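The next block holds one structure in the form of structure tokens; read it before the comments.
The values are calculated or read from the model by the stated rules, or taken from the named source; none is laboratory data. None of the values given here were measured: they were computed from a predicted structure. Backbone-built Cβ (ideal geometry, glycine too); neighbour counts: all protein chains shown.
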Amino acid sequence: MHKVLLVLVVIVGVFLWAEPALAQEAAAGAAAEGMHINLSQTITVIVYLMILGYLGYLGYRRSKTAEDYLLAGRNVHPYVMALSYGATFISTSAIVGFGGVAGMVGMSLLWLTFLNIFVGIFIAFVFLGGPTRRMGHHLGAHTFPELLGKRYNSRFIQVFAGVIIFLLMPVYAGAVLLGGVKFLSVSFGMSLNQGILLLSVIIALYVVAGGLRGVMYTDAFQGSVMFVGMVVLLVFAYVKAGGFISAHKALAALQNSPAGGGLVGYAAMPTFGSKWWWIVISSMVLGVGIGVLAQPQLAVRFMTVRSKKELNRACAIGGLFILSMTGGAFTVGALSNVYFQKTAGKVAFDYVNGNIGTIIPTFIDQAMPKWFGLLFLLALLAAAMSTLSSQFHVMGTSIGRDVYERGIRRKVASDRLTRLITQAGVALAIVFTVVLTWQYAKNPKEPIIASATSIFFALCASTFLPTFLLGLFWRRMNRAAAISSMLAGFLMTAFWLTFMQVKPASALRICGWLFEKKSLVAKMPWPVVDAIILALPLSFIVAFVVALVTKPMSKEHLDNCYSTVSG
Amino acid sequence: MLGLGFGVGLVYLLCILSALLCIFYGLVNWNRGDEPVKTEDIEWVEDEEKAEEVL
């Protein structure tokens, strides 16, 4: 209990220090324009929470020991398995952040949905899930850095990966948190500061009180609500826009606002090679679409399934789920332009005064019945909780297990210290995430949720993907190649974000401080090309070249890694 | 295509086709891939539970 209080005190302290006006806002908050929930909505919330509580109890009661867990796997319906994956991976970032971007740029963002399904589900579940699980179990690895470290028999790799994840995952976690806050601010009329404070306190309670790993049944229930909610939302969006083909035609007739930069309508691709083409394709689509393969929490999730059979079954349901969730959110985001044009004479971007992250929440708030908006909000917040709790779990184990135990700890250190460092790491990660979210919220007119998510996914891909993929399938891949590839990918990405890509370089301010320029390159399209376009190929090339010119790892070690990794 | 521009219409269909591919693969392999529980699997889960306790 004292841990909960400690984290809460730190969060509130950070806010009061950072934003003195918050205290006044909080005092006036309840009387603000929102916060008007009627009886039926209150009942909806209570029933929802009761179902969650019952399912959480059911999941807790059903698996108490390791053997129970494995045997229970036989009885877990694949629907539950797949939906729990979905609720963990699809969060407010995808729906609110990227859905809002679709509201601005249009349906070209569906290329990301295609990669989400084909790469993030089909390739990941069919080709990567089984080998990751088998190698992880065989080597006794429990974290993504540990899997890499044991595959390459390298303490440096495990510690380096742990540090990167611990320090940089808050960039993504902050985006997920801000997505939830945007929804709260629209639905309940809260200020962003109040929303951040409320959500971060709830998350602190959820995480520190023991909810680090989402219980499968509750995740599946929340996934189901999101799935049904998104299908209903999609149908409503089409109906309100005049029907399937008519909606598309109405959308195609509208002009983007703000115009220019290669945007030529909501139902068309941006002009090839233009500023927005590069942002959509390189940052949003490739960065996130490919980066998903090297997400630490995804790899860990593969290790927790009982057999390949569960992955096969989850593939079917996961494909449908992602189609509905991201495809639905991006389509609804784009179609909201037709709705706002009809009802207010403005496209979505103008209607929300450029606050892109509020496009989806505003559409739900205005076009849908209030009870639906409330239910959808609850499911969305729950999804954010699932994603955030798995992120904080990964950050905590990165600092405790990967950095401290593997990198610093010697035999004299106690388990108690490991526990303390892990818990302190989780608390620090939560506070860091909250501070970042607060910083993000200062730029409401930037697509910051999608951008921050893209940066983290692209960084993971460039740093870890060649080492992870080649480590699973290529015996020749060795320690020197893995270290070289990771360093090349990470340094190239860091260089590009700091000095070349104009938006992150401007935000980091190092380029401006050193060279008094926003970016070292002015010639288009380089200032808008994402780091992944250069860093990922470089990382792969370095891995291949170094592996081929250096000695393979010992046969004994490779046999130990691969003896069960086949098929 | 579907009232959309070519690139967007194409990806609209690709999204649906890729989801159908996932569904087809999952249904065809619904009962395949079952694996016996090994000692290393049980040890892995036990170790995972210990790690959870740390948190």
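Go through the stretch A:236-250 and report how many residues are without any contact (Cβ under 8 Å) to a residue 24 or more places away in the chain and surrounded by fewer than 18 Cβ atoms within 10 Å (Cβ to Cβ).
6
Any chance the stretch A:323-346 includes a residue that's of a type in the set (Lys, Arg) and under 24 Å from the mean Cα position of the chain (by Cα)?
The answer is no; no qualifying residue exists.
Quick check, is residue A:362 crowded, with 24+ Cβ neighbours inside 10 Å, assigned to a helix (DSSP H, G or I) and among the hydroxyl-bearing types (Ser, Thr, Tyr)?
Taking the combined requirement at face value, the residue does not satisfy it.
Give the number of residues within the stretch A:494-534 that are modelled with pLDDT of 90 or more, over 23 Å from residue A:445 (Cα atoms) and of a type in the set (Val, Ile, Thr).
Summing the residues that are modelled with pLDDT of 90 or more, over 23 Å from residue A:445 (Cα atoms) and of a type in the set (Val, Ile, Thr) in the stretch A:494-534 gives 2.
Has the stretch A:293-300 got any residue that is at the interface with chain B (Cβ under 10 Å from one of its Cβ atoms) and part of a helix (DSSP H, G or I)?
yes
Can you find a residue in the stretch A:505-521 that is of a type outside the set (Ser, Thr, Tyr) and closer than 21 Å to residue A:272 by Cβ?
Among the residues of the stretch A:505-521, at least one is of a type outside the set (Ser, Thr, Tyr) and closer than 21 Å to residue A:272 by Cβ, which makes the answer yes.
Test residue A:125 against the criterion of being within 14 Å of chain B (Cβ to nearest Cβ) and either among the polar types (S, T, N, Q) or assigned to a helix (DSSP H, G or I) (or both), and give yes or no.
yes
Can you go through A:87, A:141, A:94 and tell me which one is of a type in the set (Gly, Ala, Ser) and at the interface with chain B (Cβ under 10 Å from one of its Cβ atoms)?
Checking each option against the conditions leaves just A:141.
When the stretch B:9-39 is examined, which residues are found to be at the interface with chain A (Cβ under 7 Å from one of its Cβ atoms), modelled with pLDDT under 85 and surrounded by fewer than 15 Cβ atoms within 10 Å (Cβ to Cβ)?
B:34
Can you tell me which residue in the stretch A:515-561 is surrounded by the fewest Cβ atoms within 10 Å (Cβ to Cβ), limited to those that are in contact with a Cys (Cβ under 7 Å, 6 or more places away or on another chain) and either under 18 Å from residue A:151 (Cα atoms) or not hydrophobic (A, V, I, L, M, F, W, C) (or both)?
Ranking the candidates gives A:517 first.
hydroxyl-bearing (Ser, Thr, Tyr) and at pLDDT 95 or above: is that true of residue A:467 in this structure?
Yes, satisfied.
Restricting to the stretch A:415-468, and then to whatever is hydroxyl-bearing (Ser, Thr, Tyr) and closer than 22 Å to residue A:94 by Cα, can you tell me which residue is surrounded by the most Cβ atoms within 10 Å (Cβ to Cβ)?
Step by step, filter the stretch A:415-468, then rank; the result is A:462.
Report those helices (runs of 4 or more DSSP H) wholly inside the stretch A:474-564 carrying at least 2 residues which are touching a Phe, Trp or Tyr at 6+ places or on another chain (Cβ under 6 Å).
Passing ranges, in order: A:479-495.
If you scan the stretch A:301-350, which residues turn out to be crowded, with 22+ Cβ neighbours inside 10 Å, polar (S, T, N, Q) and within 8 Å of chain B (Cβ to nearest Cβ)?
The answer is A:312, and nothing else.
Could you list, in sequence order, the residues of the stretch A:128-149 that are assigned to a helix (DSSP H, G or I) and either among the aromatic types (Phe, Trp, Tyr) or free of Cβ contacts under 8 Å to residues at least 60 places away in the same chain (or both)?
The answer is A:144, and nothing else.
Name every residue in the stretch A:256-273 that is without any contact (Cβ under 8 Å) to a residue 60 or more places away in the chain, in a loop (DSSP other than H, G, I, E, B) and out of contact with any Phe, Trp or Tyr (no Cβ under 8 Å at 6 or more places or on another chain), in order of residue number.
A:259, A:264, A:272
Test residue A:392 against the criterion of being assigned to a helix (DSSP H, G or I), over 28 Å from residue A:158 (Cβ atoms) and among the aromatic types (Phe, Trp, Tyr), and give yes or no.
For residue A:392, the condition - assigned to a helix (DSSP H, G or I), over 28 Å from residue A:158 (Cβ atoms) and among the aromatic types (Phe, Trp, Tyr) - is not met.
Can you confirm whether residue A:81 is assigned to a helix (DSSP H, G or I), buried (at least 16 other Cβ atoms within 10 Å of the Cβ) and modelled with pLDDT of 70 or more?
no
Would you check which residues across the stretch A:317-339 are at pLDDT below 90 and either of a type in the set (A, V, I, L, M, F, W, C) or in contact with a Leu (Cβ under 8 Å, 6 or more places away or on another chain) (or both) and list them?
The answer is A:317, and nothing else.
Restricting attention to the stretch A:486-520, which residues are of a type in the set (S, T, N, Q) and over 24 Å from the mean Cα position of the chain (by Cα)?
Correct list: A:519 only.
When you scan the stretch A:97-122, how many residues do you find that are away from every other protein chain (no Cβ under 12 Å), under 18 Å from the mean Cα position of the chain (by Cα) and of a type in the set (A, V, I, L, M)?
Total satisfying the criteria: 1.
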